[in-house]
1. Going by the structure shown, is residue 356 touching a helix residue (DSSP H, G or I) at 6+ places or on another chain (Cβ under 9 Å), more than 22 Å from residue 5 (Cα to Cα), surrounded by fewer than 24 Cβ atoms within 10 Å (Cβ to Cβ) and at pLDDT 95 or above?
2. Mind listing just one residue for me: the one in segment 383-400 that is touching a strand residue (DSSP E or B) at 6+ places or on another chain (Cβ under 8 Å) and loosely packed, with under 15 Cβ neighbours inside 10 Å and, of those, farthest from residue 295 (Cα to Cα)?
3. Applying the selection to segment 272-305, what residues are assigned to a helix (DSSP H, G or I) and over 20 Å from residue 120 (Cα atoms)?
4. So which of 317, 310, 330 is outside the structural domain of residue 396 (by TED's automatic domain parsing), more than 19 Å from residue 183 (Cβ to Cβ), touching a residue at least 40 places away in the same chain (Cβ under 8 Å) and crowded, with 23+ Cβ neighbours inside 10 Å?
5. With the requirement that a residue be surrounded by 15 or more Cβ atoms within 10 Å (Cβ to Cβ) and either part of a loop (DSSP other than H, G, I, E, B) or free of Cβ contacts under 8 Å to residues at least 60 places away in the same chain (or both), what does segment 407-424 give you?
6. How many residues does segment 359-382 contain that are surrounded by 17 or more Cβ atoms within 10 Å (Cβ to Cβ), assigned to a loop (DSSP other than H, G, I, E, B) and out of contact with any strand residue (DSSP E or B) (no Cβ under 6 Å at 6 or more places or on another chain)?
7. Would you point out which residue out of 271, 244, 224 is modelled with pLDDT of 90 or more and farther than 16 Å from residue 208 by Cα?
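The values are calculated or read from the model by the stated rules, or taken from the named source; none is laboratory data. What you see is a predicted model; the values in this text were computed from it and never measured. For neighbour counting, all protein chains shown are included, and Cβ atoms are generated from backbone atoms with ideal geometry for every residue, glycine included.
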């Protein structure tokens, strides 16, 4: 993700003299990886069930490296688009989630997933700093060569550091199941969240069609200065959103804060469509990134709380597909808007999408403090297990699948009697 993110703050500035440069080609270059990621995310995860996690992860990283090399050698926008699309074919996120489920105990899995989510957030911040620095010293091709090197390091980690001989588990909380997709697509809460992650990454990718040019042209920033500005905007946005997010969790205002954050991003982009200046632009972008950080952290957490028991892996697969498709459409629509209507029209487009999301979000049900545990049925008859566990305080729902020796149990974290469930954890 670091490699994919590093081009965001520099691509618009570094490609202006390419022979086939147009705003539309710029948008396609930014979002091309999202299309191939969206298409292959679930299929590669399912393939890893058949041939193993490591072959899919290493194969995906090899494709990612190949795309990085193609982009590094490209001297046209068309070559960059092909490279970025090839990078996206290394769609291994769902396979990595399944590997985490294979390698971790149930009581540690949430921490492991949170660590991965945190690393993605950190990579975004780091990429905003490194991208301008690398481009200033080595050009745009240097960014892609470093990206290829990161892929090589990833292969070394996967080959030498990930434990071998781990048995694969058909874990419905980490992997997609095609039989569940239709039912989940009819779930109104999940679809609102899927539209949300689509709109969020649409807004991010469309905005970065213009943000680097605004900061460089309107404010005269470049190179090292640009890196520090991005650090200030993203770091400041993080510190603005953190206390708000904590208050929402503590006092039960998650839905109100969620909708307010979407509305804030819509307002910010509306302001940027008409007014920009040395003080106003950085302030508006600070609020934009604060809203982005909060929503990026809130959406997957909310999805896990409202997802039907035993369906989280499939729900996350649909969610990830929506996210990457949003990045593709955002880049495409952002480039088209910039080409057709200019910077003002681009931000109007973003604002309208965010406004639609604001109204869509009003129908969300506020999340309850629910969590899914995966318990071992062991030698018990499934019906006997069902009678025992269903009577435990705080157990909300249970999914037992014929032929599996696991039970997917949804609990209320504030009320559950964990002592009664402990004998069935990792037996």
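1. Yes; evaluated as a whole, the condition is true for this residue.
2. Per the stated criteria, the residue is 390.
3. If the condition is that a residue be assigned to a helix (DSSP H, G or I) and over 20 Å from residue 120 (Cα atoms), then 272, 280, 281, 282, 283, 284, 285, 287, 305 are the ones that fit.
4. When all the criteria are applied, what remains is 330.
5. Listed by number, the residues that qualify are 407, 411, 416, 420, 421, 424.
6. So the count comes out to 3.
7. Just a single option satisfies the conditions, and that option is 271.
Let's see how each residue does on (1) in contact (Cβ under 8 Å) with a residue 60 or more places away in the chain; (2) more than 30 Å from residue 179 (Cβ to Cβ); (3) in contact with a strand residue (DSSP E or B) (Cβ under 9 Å, 6 or more places away or on another chain):
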| residue | (1), (2), (3) |
| --- | --- |
| 11 | yes, yes, no |
| 17 | no, yes, no |
| 31 | yes, yes, no |
| 34 | yes, no, no |
| 43 | no, no, no |
| 47 | no, no, no |
| 76 | no, yes, no |
| 80 | yes, yes, no |
